[in-house]
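A.B. asks: Before anything else, here's the structure in question.
The values are calculated or read from the model by the stated rules, or taken from the named source; none is laboratory data. What you see is a predicted model; the values in this text were computed from it and never measured. No Cβ is skipped: glycine too gets one built from the backbone with ideal geometry, and neighbour counts run over all protein chains shown. SASA here: full protein model, heavy atoms, side chains in, ligands and nucleic acids out. Shrake-Rupley method; radii C 1.70, N 1.55, O 1.52, S 1.80 Å.
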Amino acid sequence: MVLDQVIQYIQENFVYLHPGYTTFNTIVFGIILGLVILLIIRMFRWIDKDPKDLFIPLIPFIFFGSSARALVDNGIYPLTYILVTPGIYILTGLTAIFTLLASVLIERKIGWDYRYIIFAVGAAICLPNIYYTQHLNPVVVFQVLGSWALVSAPFVLLGMKWSLLKNKFNLGVLLAHLLDASSTFIAVDYYGYGEQHVLPNALTQMVDSAIVMFPLKIAVILPALYIIDTYVEDKTIRNMLKLAIFILGLAPGIRNFLSLAMGT
C-alpha cells in the first residue's frame, strides 16, 4: 500500500505532472539538471571536445524530443512514461550522449567529423516525427514566428555592435528563449492555454498576459550570458552552461509551437 502511494505520488508530481509544475518539483528537477550538467562537463573533458561545437548538431535531437512531446499533447503518440516528462528528456539525452561518444570514436578511427555524424543521426530519428507534424495551422505558424521575428530583430541588429551578442552562440541562446516566449505568448493570450511553470505563471497572472514572457526572458538571459562570459574562465564549463541554457529555451519553444500549431 505504501509503495503504491509512493509510485502514485511520483507519477503525479514528477512524471505526468497532473498538477503542473510546482515549486517543489521545479527545485527537484533543477537539482537533477545541475548534477547532470556536472557529469556531462566531466564527459567533455574526457573526450576532449568543446560543448560549443554541438550548438548546431544537437538541434535535430532537441527537435526530436520536443516534437515527440507535442505529438503526445495532440494524441498522435500514446501517453506513456517514455514520451512525457522526464522520460522523453531522458530518452533524448541518452540517445544524444551515446551518439556523441560513438561519433567521437568514429572520428578517431576513420576521420569523419563527429559533428556531421551527430547531426545526421539526429535528423534521421526526426523523420517519423516530421511525418506526423505535416499539418500545421498556418495562422498559428505566422503568429508565433512573426512575433518571434519582430522581437528578435532588434537583438540581431544589436549583435552587430554589442560584443555580448556578436558572439553567435550567445545570440542563438537568446533567440531560442525568445521563441519560447513567443510560443507561450500566442498560446496563452490568443488560444486560452495556461502557463505551467511557477514563476512565469505567477507573472502572467499578475499582468493578465503572457507578453510578460518577453521582458522576463531578456532580463534573465542577457545578464546570465554576461556573467558566464565575464566570470567563468574555464571554456568547457562556460560553453556547457550556455549549451544547457540554449536547450532549456529551444526545447519548450519547439514543443509549445508544434503543440499549438497542430492542436488549433
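A.B. asks: If ligands, DNA and RNA are left out, what is the accessible area of ARG238 with a 1.4 Å probe, given in Å² to the nearest 10?
C.D. replies: Number for this one is 50 Å².
A.B. asks: Same structure, new question: Once the piece of chain linking LEU33 and ASN167 is laid out straight, how much longer is it, given 0.36 nm per residue of separation minus the C-alpha distance between them?
C.D. replies: 45.7 nm
A.B. asks: On to the next question. Only one of the values (1) 46; (2) 19; (3) 31 was calculated from this structure for percent of Cα pairs over 30 Å apart; name its label.
C.D. replies: Here percent of Cα pairs over 30 Å apart agrees with entry (3).
A.B. asks: Pop the C-beta distance of TYR191 and LEU158 into the FRET formula with R0 = 45 Å and round what comes out to the nearest 0.05.
C.D. replies: After rounding, the FRET efficiency stands at 0.90.
A.B. asks: Does segment 146-264 come out rounded, prolate or oblate, given a ≥ b ≥ c as the square roots of the eigenvalues of its C-alpha gyration tensor, rounded meaning a/c under 1.5 and, failing that, prolate meaning a/b above b/c?
C.D. replies: prolate
A.B. asks: While we're looking at this one, here's another question. Quick one: Cα centre-to-centre distance for segment 40-85 and segment 191-244, in angstrom?
C.D. replies: Here the two parts' Cα centres lie 19 Å apart.
A.B. asks: By its C-alpha gyration tensor, with a ≥ b ≥ c as the square roots of the eigenvalues, how is segment 160-224 shaped: rounded for a/c under 1.5, else prolate for a/b larger than b/c, else oblate?
C.D. replies: Cα axes put segment 160-224 in the prolate bin.
A.B. asks: With springs only between Cα atoms under 10 Å, which of SER66, SER152, SER182 fluctuates most in a Gaussian network model of the chain?
C.D. replies: Residue with maximal mean-square fluctuation among SER66, SER152, SER182: SER152.
A.B. asks: With all protein chains present and a 1.4 Å probe, how do TYR114, TYR131 order by accessible area, largest first?
C.D. replies: The ranking, largest first, comes out as TYR131, TYR114.
A.B. asks: In nanometres, what is the gap between the two model label sites at ILE90 and TRP46, each 7 Å from Cα along Cα-to-Cβ?
C.D. replies: The answer from the label model is 2.0 nm.
A.B. asks: While we're here: Classify segment 46-158 as rounded, prolate or oblate from the Cα gyration tensor: take a ≥ b ≥ c as the square roots of its eigenvalues, call it rounded if a/c is under 1.5, otherwise prolate when a/b beats b/c and oblate if not.
C.D. replies: Cα axes put segment 46-158 in the oblate bin.
A.B. asks: At most 12 other Cβ atoms within 10 Å and a DSSP loop assignment: could you name the trypsin sites (Lys or Arg not before Pro) in segment 135-228 that fit?
C.D. replies: Answer by residue number: LYS161.
A.B. asks: Between PHE98 and TYR116, what is the spin-label point distance in nm, taking each point 7 Å from the Cα along the Cα→C-beta axis?
C.D. replies: 2.5
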